[in-house]
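Written out below as structure tokens is the structure these notes cover.
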Amino acid sequence: AQTVTQSQPEMSVQEAETVTLSCTYDTSENNYYLFWYKQPPSRQMILVIRQEAYKQQNATENRFSVNFQKAAKSFSLKISDSQLGDTAMYFCAFIGVSSQGAQKLVFGQGTRLTINP
Amino acid sequence: SQTIHQWPATLVQPVGSPLSLECTVEGTSNPNLYWYRQAAGRGLQLLFYSVGIGQISSEVPQNLSASRPQDRQFILSSKKLLLSDSGFYLCALNSGVANTEAFFGQGTRLTVV
């Protein structure tokens, strides 16, 4: 069974600082994808960044980047030059691909990130 | 574009009453559909997912059940609600292609009293 673990329930940093959110996962599948989603107080789920497991190059999206360590099954999110609008719950997510196609989408417990002015 | 409709937004139900939450999607065919529950300030717990009509996978033993009577309809039900069923329920879809973004409904806040 796939599991996703986020070991940091809460984090807070000052505006403009860099912060790294941790995520580890467990799977026996070789083909899968990883995501980070952001959930602001509105509860809307917003995709931040995605990573294909077969790609060694770490994904980047503007101020957001990941450190994907496949052997260690680790997928951390780095937010550079943090902004007040980054305050939200952040979820790490995993989806495996079987012979029938993409299957279940599993989320971690979330990390509540607060950016302080 | 893919959209997902979930209703109602809020619901207050007495213990022992039945439940039916409906989720419908537009702009895609044969999507994967998911039901999640989110306790206050907590993570998303996967309850059920479906890769096609009539195909339901249950992730956690629950007082709940799910059905997919049509390709674009996913229903979460209970015959008798428990206090512990209170929470925020989210329906989600993805196209079935793994690297595509998942889309989420607006959620239903269920309070069992």
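The values are calculated or read from the model by the stated rules, or taken from the named source; none is laboratory data. Everything numeric in this text was worked out from a predicted model, so none of it was measured. Cβ coordinates were reconstructed from backbone atoms using ideal geometry, including for glycine residues, and neighbour counts include every protein chain displayed. Accessible surface areas use protein heavy atoms only, side chains included; no ligands, DNA or RNA. Shrake-Rupley method; radii C 1.70, N 1.55, O 1.52, S 1.80 Å.
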Selection from region B:13-30 of residues that are exposed (fewer than 12 other Cβ atoms within 10 Å of the Cβ) and assigned to a strand (DSSP E or B)
B:20, B:26
Pair list, Cβ under 6 Å, 6 or more apart: region A:21-39 residue basic (Lys, Arg), other residue open to solvent by 10 Å² or more (accessible area, probe 1.4 Å):
A:38/A:46; A:38/A:48
Search result, residues across region B:31-40 that are assigned to a loop (DSSP other than H, G, I, E, B), at pLDDT 90 or above and either open to solvent by 30 Å² or more (accessible area, probe 1.4 Å) or among the aliphatic types (A, V, I, L, M) (or both)
none
Residue list for region A:97-117, restricted to those being in contact with a Ser or Thr (Cβ under 9 Å, 6 or more places away or on another chain), facing another protein chain (nearest Cβ under 10 Å) and open to solvent by less than 10 Å² (accessible area, probe 1.4 Å):
A:102, A:108, A:111
Filter region B:85-97 for residues that are open to solvent by 30 Å² or more (accessible area, probe 1.4 Å) and within 14 Å of chain A (Cβ to nearest Cβ); which is nearest to residue A:46 (Cα to Cα)?
B:95
Looking only at region B:101-113, which residues are at negative phi, outside any strand (DSSP E or B), buried (at least 18 other Cβ atoms within 10 Å of the Cβ) and facing chain A (nearest Cβ under 9 Å)?
B:102
Qualifying position, being farther than 30 Å from residue A:54 by Cα and among the hydrophobic types (A, V, I, L, M, F, W, C), among B:44, B:93, B:76:
B:76
Inspect region B:69-84 for any residue being away from every other protein chain (no Cβ under 13 Å), touching a Cys at 6+ places or on another chain (Cβ under 6 Å) and open to solvent by less than 20 Å² (accessible area, probe 1.4 Å) and give the result as yes or no.
yes
What number of residues within region B:41-65 are more than 11 Å from the chain's Cα centre (by Cα) and open to solvent by less than 30 Å² (accessible area, probe 1.4 Å)?
3
Among the residues of region B:88-112, which ones are without any contact (Cβ under 8 Å) to a residue 60 or more places away in the chain and within 23 Å of residue A:103 (Cβ to Cβ)?
B:97, B:98, B:99, B:100, B:101
